[in-house]
1. Tally time: how many residues in segment 101-113 are small (Gly, Ala, Ser), surrounded by 14 or more Cβ atoms within 10 Å (Cβ to Cβ) and more than 16 Å from Trp59 (Cα to Cα)?
2. Report yes if some residue within segment 67-74 is touching an Asp or Glu at 6+ places or on another chain (Cβ under 7 Å), at pLDDT 95 or above and charged (D, E, K, R); otherwise report no.
3. Among what's in segment 35-54 and is under 29 Å from Ile156 (Cα atoms) and in a loop (DSSP other than H, G, I, E, B), pick the residue that is least open to solvent (accessible area, probe 1.4 Å).
4. Confirm whether Trp95 is open to solvent by less than 60 Å² (accessible area, probe 1.4 Å), of a type in the set (Phe, Trp, Tyr) and modelled with pLDDT under 95.
5. Here is a list: Asp142, Asp151. Which entry is under 16 Å from Thr53 (Cα atoms), among the charged types (D, E, K, R) and open to solvent by less than 70 Å² (accessible area, probe 1.4 Å)?
6. Check off (1) assigned to a loop (DSSP other than H, G, I, E, B); (2) under 20 Å from Lys36 (Cβ atoms); (3) of a type outside the set (Phe, Trp, Tyr) for Thr77 and give me the number that stays unchecked.
Amino acid sequence: MATVPVPRTWTVGELLTASKMNADVRNGLNFLLSGKPLAILTRSSIQNFNHNTPAPVTWNSEVIDRDGGHDNVTNPTRYTAQTAGWYNVTAMLNWVNFAGGSRYLGLNRSGAAVYTEARGASPASYPSVNLLAVPIFLSLGDYVTAEGMQDSGSTINIQPGFSQLTLEWVSTA
């Protein structure tokens, strides 16, 4: 869990020391520059989606996970908040070239749908991409999943390496 720095309230006549500057200025800047929670999760292999059957995306590769909110073995479909606050959440599903039907992407918070995006199918020579970018407040222990669905009449998959879920912590309130 990341420790969110609390700004110091200085008092008149208070002695400025190196330890206070480190605790109150340096640590806050370090958190903002390289310590705030950030996760980029991807698929390194295909994932099949059956016709008209919603399913969570299994993220089996981590580009980065600063706060330890994702595990490739235990609940690999989830990012679980280790630090409460507002997150910019971006999900992208890149479907293989396949004509017919529509493609869907949804974001869920702790099992409840919060956002959905639908994309009509493109001709077979073009891939179809779903993209959602939304702010979501996560309490400690809340989790986010991305869910895909398609209704092409057949089983199709998402492209490995091109589908991802990104969560970036932005503030406490």
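The values are calculated or read from the model by the stated rules, or taken from the named source; none is laboratory data. This structure is a prediction, so every number in the text was calculated from the model and none was measured. Every residue, glycine as well, gets a Cβ built from its backbone with ideal geometry; the counts of neighbours run over all protein chains shown. Keep in mind that these areas ignore ligands, DNA and RNA; they rest on the heavy atoms of the full protein, side chains included. Shrake-Rupley method; radii C 1.70, N 1.55, O 1.52, S 1.80 Å.
1. The number of residues fulfilling the criteria is 3.
2. Among the residues of segment 67-74, not one is touching an Asp or Glu at 6+ places or on another chain (Cβ under 7 Å), at pLDDT 95 or above and charged (D, E, K, R), which makes the answer no.
3. Here the residue is Arg43.
4. yes
5. One residue alone meets the criteria, Asp151.
6. Tallying (1) assigned to a loop (DSSP other than H, G, I, E, B); (2) under 20 Å from Lys36 (Cβ atoms); (3) of a type outside the set (Phe, Trp, Tyr), Thr77 fails exactly one: (2).
Okay, residues lined up against (1) farther than 28 Å from Ala118 by Cβ; (2) open to solvent by 70 Å² or more (accessible area, probe 1.4 Å):
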position: Met21; (1), (2): yes, yes
position: Asn27; (1), (2): yes, no
position: Pro56; (1), (2): no, no
position: Asp65; (1), (2): yes, no
position: His70; (1), (2): no, no
